[in-house]
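The values are calculated or read from the model by the stated rules, or taken from the named source; none is laboratory data. In this text, all values refer to a predicted model and were calculated from it rather than measured experimentally. Please note: Cβ atoms are built from the backbone with ideal geometry, for glycine as well, and neighbour counts cover all protein chains shown.
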Amino acid sequence: MKIETMKGRQENSGYSRVFNDKELGFLLSKVQATVISNGNELEKIILSQCNVIEELNFFIDRVAENNIEDGIFVCEKKAIKNSRYAIGIDPDLLIFIVGKKKVCKVIELKDGDSFDTKKSKGEKDNLQKFATVFGAKIPFITEYYICCFNQLDKEQIRQGFKNCFELENIMTGKELCEILRIDYEKIIADRNKDAQSNLEYFVENLLKIQSVRELIEEKLSA
């Protein structure tokens, strides 16, 4: 995602108050909006490469009737909400593996590897509850995972969540892509294409702010 396409907040931005500068606050709010949008973009990229379930009720019924081919199927949050299986807890993704064994992986997907640790236990409890309640209603072995797409070290993820999750319930982005049979490295490379233009846009607009430019010039000449 590109910073320049984000709206940002012109007034009453928290960043504006931190620096007492509306222009700088606006620019930083655009950066924050880009970070948030990147998370939504990641899910869209993954879904675009998968066999997506449109109607969860119909899919489960077909599986129960042994009327579906083997394969890997993905269900997004919207389809969960619109199904008879909705319980007010909506994980980001459900991955159904149909084969000799039928496995459903309940996934909460994180773009980065920095977390609000105050919510860690609540996120685990919600995943565990959904997997238990949902798992009792479907003909699948149900497992739950927290997936941090851009972190390859499970121990780092566990520490990031203050050890709320066991290693067996932690998944890396690379593992997720292996399960889905999609190219992890290509996704990373494609998403990095905007990085240089974002850097240039940020620096250019930072230097357009007179107070910032004057301060930078002062520091460089010191």
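Quick notes on this structure:
- For the stretch 6-31, the set of residues classified as touching a residue at least 24 places away in the same chain (Cβ under 8 Å) and surrounded by 12 or more Cβ atoms within 10 Å (Cβ to Cβ) consists of MET6, GLY8, ASP21, GLU23, LEU24, LEU27, LYS30, VAL31, listed by residue number.
- One residue alone among ASN51, ASN66, ASN57 is at pLDDT below 95 and closer than 20 Å to THR142 by Cα, and that residue is ASN66.
- Only one of the numbered conditions (1) farther than 21 Å from GLU43 by Cα; (2) at pLDDT 95 or above is violated by ARG158, and that is (2).
- Verdict on LYS105 being modelled with pLDDT of 95 or more, part of a loop (DSSP other than H, G, I, E, B) and among the charged types (D, E, K, R): no
- Scoring PRO91 on the criteria (1) within 26 Å of ILE45 (Cβ to Cβ); (2) touching a residue at least 24 places away in the same chain (Cβ under 8 Å); (3) part of a helix (DSSP H, G or I) leaves a single failure, condition (3).
- Of all the residues in the stretch 178-204, those that are modelled with pLDDT of 90 or more, charged (D, E, K, R) and over 16 Å from LEU152 (Cα atoms) number 3.
- Looking only at residues in the stretch 212-222 that are of a type in the set (A, V, I, L, M) and outside any loop (DSSP other than H, G, I, E, B), the one that is farthest from the chain's Cα centre (by Cα) is LEU220.
- When ALA189 is tested against (1) among the hydrophobic types (A, V, I, L, M, F, W, C); (2) under 13 Å from ILE107 (Cβ atoms); (3) not assigned by TED's automatic domain parsing to the domain that holds LYS100, just one condition goes unmet, and that condition is (2).
- Residue in the stretch 16-34 that is of a type outside the set (Val, Ile, Thr), under 26 Å from CYS177 (Cβ atoms) and under 25 Å from the mean Cα position of the chain (by Cα) present: no
- Subset of the stretch 156-176 (residues that are crowded, with 19+ Cβ neighbours inside 10 Å, without any contact (Cβ under 8 Å) to a residue 40 or more places away in the chain and touching a Phe, Trp or Tyr at 6+ places or on another chain (Cβ under 6 Å)): GLY173
- Unique residue being surrounded by fewer than 17 Cβ atoms within 10 Å (Cβ to Cβ) and in contact (Cβ under 8 Å) with a residue 24 or more places away in the chain when the list is ASP190, ASP153: ASP190
- Selection of the stretch 40-88 for residues being basic (Lys, Arg) and either outside any helix (DSSP H, G or I) or under 30 Å from ILE187 (Cα atoms) (or both) yields LYS44, LYS77, LYS78, LYS81, ARG84.
- Evaluation of TYR145 against (1) in contact (Cβ under 8 Å) with a residue 40 or more places away in the chain; (2) hydroxyl-bearing (Ser, Thr, Tyr); (3) assigned to a helix (DSSP H, G or I) (one fails), failing number: (3)
- Selection status of LYS121, among the basic types (Lys, Arg), surrounded by fewer than 15 Cβ atoms within 10 Å (Cβ to Cβ) and touching a helix residue (DSSP H, G or I) at 6+ places or on another chain (Cβ under 9 Å): no
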